[in-house]
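This report refers to the structure that appears directly beneath it.
The values are calculated or read from the model by the stated rules, or taken from the named source; none is laboratory data. Keep in mind the model is a prediction, meaning the values are calculated, not measured. Cβ sites come from the backbone with ideal geometry, for glycine too, and all protein chains shown count toward neighbours. These area figures cover heavy atoms from the full protein model, side chains too; ligands, DNA and RNA do not enter into them. Shrake-Rupley method; radii C 1.70, N 1.55, O 1.52, S 1.80 Å.
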Amino acid sequence: TWGLTVPLMRVAVSTGYQPLGILVWQSAIAAALLLPCLRAMRLPLAFERRHLGLFAIVAFFGAALPGYFSFLTAAWLPAGVRAIIIAAVPMFALPMAIALGGERPDARRALGVLLGTAAIAVIALPGGEVGTIAVGAVLLALISPLSYAIEANYLAWRGPRGLHPFQLLFGTSVLILAVCWPLAEATGQRPPHGWPWGAAEWAVVISGVLNAFAYSGYIWLIGQAGSVFASQIGYLVTGFGVLWSMALLGESYGAGLWLALGLMLVGVALVQPRAGAER
């Protein structure tokens, strides 16, 4: 499901929709879907003052910032390339965790970081998969996994503070709406509107629905099975992101991308903590 959102975003930006407008739509969709779920589960909306800081961190680093740069670069980079770049989250998260004292240095995991870095180099360096014109787009796209890594380390440090995944995502969605909607209107980046809808509008709506439930499911999975098991979703998002892009967009890739994909997946495997390290 999450991998499917990668090519859908390329379709969404194909007619000129801008990042802030897409963020507004996706946040509105998430809030509209989650509100009846919260009511059905008899969960409060959890807008107490003690939750606002958590909502702000997750909204900025877990949604707004990575979403903005993901949407921004969707028109410049093949969807398959972006699927590999987004898998670099643990490559950023591990050094941060070590610097903060949450993890210990480990040679195996350090090798994983190096392999992930090599995967990005294969894509971005001259003669790589994207060409010299798009190297800047690769660097901008890397802001998304960097941002997710900051969010992951924050949640590992402070935790969800007893909030259900639906409560956390609803709160962050409402906060993004409150901040980004005025900015989108002020900058002319209006959300998709008008009828009938075309492929771009449907892509925005469908990806918003898929993302809302995939993200909620991911947070739920961490609570049920632990972060080590849940982190394996990185393989699936990247792999299916590449496959969906080939199937829906007709993308074809050279040997460089397949090498980068292999390096990144092996790197992710090495960076993950062993099951015995689950806390």
| query | How many Å² of accessible area per residue for the chain, probe 1.4 Å? | reply | 47
| Ignoring ligands, DNA and RNA, what percent of the accessible area of the range 79-185 is carbon or sulfur (1.4 Å)? | 73
| field | Cα gyration tensor, the range 43-106 - rounded (a/c under 1.5), prolate or oblate | value | oblate
| said: I'd like to compare 259-265, 93-99: which one has the highest average count of other Cβ atoms within 10 Å, and what's the full order after that? | reply: 259-265, 93-99
| Calculated [θ] (222 nm, deg cm²/dmol) that DSSP helices of n ≥ 4 give over the chain, each run adding -39,500 (n - 2.57) | -23000 deg cm²/dmol
| query | Using unit Cβ charges (K, R positive; D, E negative) and no other charged atoms, how large, in debye to the nearest 20, is the dipole of the range 5-109 about its Cα centre? | reply | 180
| query | At a probe size of 1.4 Å, how large is the accessible area of Glu48, to the nearest 10 Å²? | reply | 80
| query | When you count, for each residue, the other Cβ atoms within 10 Å and take the mean per peptide, how do 80-90, 105-115, 165-175, 60-70 rank with the highest first? | reply | 80-90, 165-175, 60-70, 105-115
| message | Can you sort Cys180, Cys37 by solvent-accessible area, 1.4 Å probe, largest first? | response | Cys37, Cys180
| task | Please report, in debye to the nearest 20, how large the charge dipole of the chain is about its Cα centre when each Lys and Arg carries +1 at its beta carbon and each Asp and Glu carries -1 there. | result | 640
| query | Which residue, chosen from Ala64, Ala199, Ala186, occupies the Cα position most advanced towards the positive end of the dipole of the chain, where the dipole is computed from +1 (Lys, Arg) and -1 (Asp, Glu) charges on Cβ about the Cα centre? | reply | Ala64
| message | Given an 8 Å cut-off on Cα distances and at least 6 residues of separation, report the relative contact order of the chain as a percent. | response | 43
| Where labels lie 7 Å past Cα in the beta-carbon direction, separation of Ala255 and Trp220 in nm | 4.5
| query | Tell me, what are the semi-axes, in whole angstrom and largest first, of the equivalent ellipsoid of the range 1-129 as set by the roots of 5 times the Cα gyration tensor eigenvalues? | reply | 31, 24, 12
| field | Equivalent-ellipsoid semi-axes of the range 69-213, from the Cα gyration tensor, Å, largest first | value | 30, 25, 12
| request: Could you bin all the Cα-Cα distances of the chain into 10 Å bins starting at 0 and give me the percent of pairs in each, rounded to whole numbers? | output: 7, 29, 36, 23, 5, 0
| request: Indicate the gyration tensor shape class of the range 27-72 (rounded, prolate or oblate), computed on the Cα atoms with a ≥ b ≥ c the square roots of the eigenvalues: a/c under 1.5 is rounded; otherwise a/b larger than b/c is prolate and the rest oblate. | output: oblate
| said: Using the basic label-point model (7 angstrom from Cα toward the beta carbon), what is the Leu52 to Ala156 distance in nanometres? | reply: 3.0
| field | Solvent-accessible surface (1.4 angstrom probe) belonging to Trp220, in square angstrom, nearest 10 | value | 130
